[in-house]
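Report on the structure given below.
The values are calculated or read from the model by the stated rules, or taken from the named source; none is laboratory data. Computed from a predicted model, the values in this text were never measured in an experiment. Here Cβ is always computed from backbone atoms with ideal geometry, including for glycine, and neighbour counts include all displayed protein chains. Calculation scope for accessible area: heavy atoms of the full protein, side chains included, ligands and nucleic acids excluded. Shrake-Rupley method; radii C 1.70, N 1.55, O 1.52, S 1.80 Å.
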Amino acid sequence: MSKKIIFATGNQDKMREIREIYGDLGYEILSMKEAGIDVDIVEDGETFEENALIKAKAIAACCDAIVFADDSGLEIDYLNKEPGVYSARYMGEDTSYDIKNANLIQRLDGVAKEDRTARFVCAIAAVFPDGSHKVVRGTIEGYIGWEPAGTNGFGYDPIFYVDEYGCSTAELSPEEKNKISHRGNALRMMKEELITYENSRG
Ligand code: IMP
């Protein structure tokens, strides 16, 4: 039987990223659709970790492969970590990010740079065929700028600035962003967990 990982996503950019980072491990990496799995999952956890694990467990119940699932979002410290696990649903799922981003900048009106700290968070959960699971959290620290900039990336990227590059993550190339991103970091951490799991099985 070939070694398989099913990644609970329909997002092709995420599939590309995981295939790049895990390419040397010899796994066949499939999206849910490629694996022929179609389940409706209610993500009603209160943390990124809970949501990632809810998704991974629901899919693991339908197959005997290793299952990965992720949950991510933006935490703004000044706003008590909003939008957090509600990042996709903030102001309504169908509201454009131009509007969401303008709203968040408005809510930080008059706030100095040192209080505009924020981070993207990505939790990845893995459920292994022996029933065990692991959850890791990757982050990238930054701050909310005073105006949106850049057209790369998606979501909150135009307002999320990183000091190291002096620009927003929407101004970075996908390769530059993946090297430092919350999801890239979480995927790299989970790679170590996967290698430990493999070694424990001899
Ligand atoms: P998901 O976990 O990939 O569904 O992401 C949840 C939401 O978090 C997205 O819809 C975005 O609003 C936000 N988000 C997560 N990662 C990023 C990122 O890298 N850039 C911008 N927004 C992000």
Being open to solvent by 40 Å² or more (accessible area, probe 1.4 Å) and among the polar types (S, T, N, Q) is the requirement here; does Asn101 meet it? no
Are there any pairs with C-beta distances below 6 angstrom linking a residue in the stretch 157-175 that is over 19 Å from Glu114 (Cβ atoms) to a residue that is part of a strand (DSSP E or B), with the two at least 6 apart or on different chains, and if so which? Pro158/Ser168; Thr169/Phe160
Is it the case that the stretch 128-136 has a residue that's within 14 Å of the ligand (Cβ to nearest atom), of a type outside the set (A, V, I, L, M, F, W, C) and surrounded by 13 or more Cβ atoms within 10 Å (Cβ to Cβ)? no
Specify which of the listed residues (Glu114, Glu82) is open to solvent by less than 80 Å² (accessible area, probe 1.4 Å) and among the acidic types (Asp, Glu). Glu82
Single residue of Ile21, Ile59, Ile6 found to be farther than 21 Å from Gly184 by Cβ and in contact (Cβ under 8 Å) with a residue 24 or more places away in the chain: Ile59
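Return a yes/no flag: does the stretch 31-49 have any residue that is in contact (Cβ under 8 Å) with a residue 60 or more places away in the chain, within 14 Å of the ligand (Cβ to nearest atom) and either open to solvent by less than 30 Å² (accessible area, probe 1.4 Å) or within 24 Å of Glu175 (Cβ to Cβ) (or both). Talk me through it step by step, then tell me what you get.
Going through the stretch 31-49, the residues in contact (Cβ under 8 Å) with a residue 60 or more places away in the chain turn out to be 47-49.
From the residues that got through so far, the ones that are within 14 Å of the ligand (Cβ to nearest atom) too are 47-49.
Okay, now just the ones that are also either open to solvent by less than 30 Å² (accessible area, probe 1.4 Å) or within 24 Å of Glu175 (Cβ to Cβ) (or both), so 48.
So far as the stretch 31-49 goes, yes, one or more of its residues are in contact (Cβ under 8 Å) with a residue 60 or more places away in the chain, within 14 Å of the ligand (Cβ to nearest atom) and either open to solvent by less than 30 Å² (accessible area, probe 1.4 Å) or within 24 Å of Glu175 (Cβ to Cβ) (or both).
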For residues that are assigned to a helix (DSSP H, G or I) and open to solvent by less than 50 Å² (accessible area, probe 1.4 Å), tally how many sit in the stretch 176-194. 12
List every residue pair whose Cβ atoms lie under 6 Å apart, where the two residues are 6 or more positions apart in sequence or sit on different chains, the first residue falls within the stretch 138-153 and is crowded, with 20+ Cβ neighbours inside 10 Å, and the second residue, located anywhere, is small (Gly, Ala, Ser) and assigned to a loop (DSSP other than H, G, I, E, B). Ile140/Ser181
